[in-house]
Amino acid sequence: MFGKILIANRGEIACRVIRTARRLGVRTVAVYSDADARALHVEMADEAVHIGASPVGESYLRGDKIIAAALATSAQAIHPGYGFLSENPDFVDQVVAAGLVFIGPSAASIRAMGLKDAAKRLMEKAGVPVVPGYHGEAQEIVLLASKAREIGYPVLIKARAGGGGKGMRRVDHPDDFSEALSSARREAKAAFGDDRVLVEKYVDKPRHIEVQVFGDNFGDAVHLYERDCSAQRRHQKVIEEAPAPGMTPALRKAMTDAAVKAAKAINYSGAGTIEFIVDASQGLKPDGFWFMEMNTRLQVEHPVTEMVTGVDLVEWQLRVASGEKLPKAQDEIALVGHAFEARLYAEDAAKGFLPATGTLHHLKFPDAAPEGAAMRIETGVRAGDAISPFYDPMIAKLVVHARDRAAALAALGDALARTEVAGSTVNTAFLAALAADADFAAGDVDTGLIGRHQETLTEVPAPSDETIAAAALAATDAGAPSAAGDPWSALSGYAHFHTLGRRTRLRHGEENILARVSARPDGRFQVALEAPHDAINSHDLRNLPRSARWPGHVTVFEGAVGYTFAVPDPLAKADVAGAASGSLRAPMPGLVKLVRAAAGDAVIKGQPLLILEAMKMEHTIAAPHDGVIAEIAAEGAQVSDGTVLVRFAEDGQG
Ligand code: ADP
């Protein structure tokens, strides 16, 4: 076993690799960019090396700096995690040339699977079923169109260098082929610098089922059963599970045999995944699955496999890379129970799953799974950390395991309902809606499910009066940093000293709500809400939903839905009027380094007003329009996320 390894990654996967390494007595070296100087993976590792600026091209993709860091810290091996350099064969060559071990397959194995067309030709030769289609070198449009006709419509055009669903077009009719081809090529050229494509049969009601394989350096390979990743949005997975619902012994045997054959065909060493597309239009049949691609690394969703097999895949990676044989033979690997993983992202499900950023002012996960279930929370962030625009906006993976699918799904719903995130837009409610979807619950999944149910899955009901009352209570509790834990004691103190009550304004979306909170001597309270919320609530505090106060806002959690209310600063006039354009706010916490304008100055659109230093970078805050400055932050001021930096005089607004 290695004495020390370097982890060439960040976030949850870096933390997850460190945990197993520590358990095995292996020392760890983290690498980090400017933005990650105080990140959790840096704190967890035994040592950490700064490798550059925040953009990935200047840090996590800099193989040279990473290898130099490994050599400087005397690490013997590099674990790439997933993404970044994990499937880059040139990096593997450089690691090996530097006398280090790459914890993963050989460069040759990665190259063999790197291009979809070559990989498919290789798999056909190895006797692995491949989607009927054309995977040849020739690319003339006439030829491709005639191949499409032979295959039979609908067909799918795919970039051979593709990934992340880019350069992929479904074509239903021959008349549309040439236009779809041009657009797929344009997209592929822009994304991968390679516009060559393949054409294949579009599988009806497709399910994405993948098989976890593991090989060692002695020519041995095993599988660790399948995962179903059919729940996808924008061709990306959101909830994964193991085993696949409705899997039959015959299909499992055929798929796992094919996966092991595929791994052996390229002398595969380490953790890998063979992705198959399965035709679920007439139930699962042993002749209805085809090889799609191989991912030559650990997958994001590997924990569901760990949950059902009891195997620590990272431990196996370290053992195999250090020269040990596979820890278990095929017949020693059993499948027990059912597991789900839900990916919690900072993203706006209602806006086409648009990635979001922000500071996670409040972050709370359930401490334990319900009776009879097990849970793992895989995360690389803690409360107060930022989701920056530089990296993947995944906050955590919620992984649950129970004796069967229904129990595991219930545990997942429960875990989501007890997860609290405030400070960024998150997909918790969407995940909970998906977990509760009738088709999903019945195991009737295919890759089109989310798209078909998008509207209901992303629909969020208006906040209830109880939710608004909880927000009003938290908002009026001005002194406490957070009213989430114990609003009761906050109010009892309040009741003694402010018996007349307080008024507060809340903004939810477009709506402004005026609330009046008054405490009663008996320790109960009343919240009077402005019409149409004219009801006066009189509840025991303990029955109200949980809430979290964060700068300028309150978030109230009703199950998995987080309702965020803006709480305008009563001193900020522009805000009370709802005129956000009248002021400029700090986009993230930082230091006001330089102020270049003063109150009373007339400024023009685009004119730099001040420089905010945040996350070791300088951000110039410029005037969004012509106007007269009413107020501006002081030089040297430490500001939090959302603090007003510049306020314009009303009449000066453009
Ligand atoms: P990428 O590498 O860009 O992610 P994949 O080949 O892995 O592309 O395919 C991504 C997704 O597209 C699959 O999970 C599946 O949902 C869908 N897909 C791929 N091939 C087909 C096909 N032949 N028919 C129908 N859907 C497909």
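Protein heavy-atom accessible surface, 1.4 Å probe, per residue over region 582-645: 49 Å².
Nonpolar atom fraction for the chain, defined as the carbon and sulfur part of the 1.4 Å probe accessible area, stands at 52 percent. Computed log10 I(q)/I(0) for the chain at 0.06, 0.09, 0.11 Å⁻¹: -0.39, -0.86, -1.19, from the Debye equation with unit scatterers placed on every C-alpha and solvent omitted. The residues of region 206-457 have, on average, 34 Å² of accessible surface per residue, using a 1.4 Å probe with all protein chains present. Rounded to the nearest 20, the Cβ-based charge dipole of the chain about its Cα centre (Lys and Arg +1, Asp and Glu -1) stands at 860 debye.
Over all other residues within a Cβ to Cβ distance under 9 Å of Pro80, the charged ones net out to 0, with Lys and Arg as +1 and Asp and Glu as -1.
Loop-located GluC sites (Glu not before Pro) in region 334-409 (DSSP state not H, G, I, E or B) with no more than 11 neighbouring Cβ atoms inside 10 Å: Glu371. Here each label is just a point 7 Å from Cα along the line to Cβ, and for Ser146 and Ala37 those points are 6.3 nm apart. A Förster distance of 25 Å, applied to the separation of the beta-carbon atoms of Phe218 and Arg22, puts the FRET efficiency at 0.35. Of the cross-linked pairs Lys4/Lys65; Lys116/Lys189; Lys120/Lys237; Lys147/Lys351; Lys364/Lys593, which ones have a Cα-Cα span greater than 26 Å in the structure shown? Result: Lys147/Lys351; Lys364/Lys593 exceed 26 Å. Averaging the Cα positions of each part gives two centres, and for region 208-238 and region 131-146 these lie 28 Å apart. Solvent-accessible area per residue in region 4-103 equals 36 Å², computed with a 1.4 angstrom probe and all protein chains kept.
For Lys325, the lysines whose Cα comes closer than 18 Å to its Cα, not counting residues fewer than 8 places off in the same chain, are Lys264. Using alpha carbons only, how many angstrom separate the centre of region 257-304 from the centre of region 391-443? Region 257-304 and region 391-443 have Cα centres spaced 25 Å from each other.
Bridges between two residues of the chain, per DSSP, are antiparallel at a rate of about 85%.
Between Ala406 and Arg596, what is 0.36 nm times their sequence separation minus the Cα-Cα distance? Round to one decimal in nm. Show your work: numbers first, answer last.
Numbers: separation 190, 0.36 × 190 = 68.40 nm, distance 6.09 nm.
Length gained, Ala406 through Arg596: 62.3 nm.
With the simple model of a label 7 Å out from the Cα in the direction of the Cβ, His619 to Lys253 spans 5.9 nm.
The values are calculated or read from the model by the stated rules, or taken from the named source; none is laboratory data. Quick caveat, the model's predicted, so the values are computed rather than measured. Glycine gets a Cβ as well: all are built from the backbone with ideal geometry, and neighbour counts include every protein chain shown. Areas reflect the complete protein model, heavy atoms only, side chains present, ligands, DNA and RNA absent. Shrake-Rupley method; radii C 1.70, N 1.55, O 1.52, S 1.80 Å.
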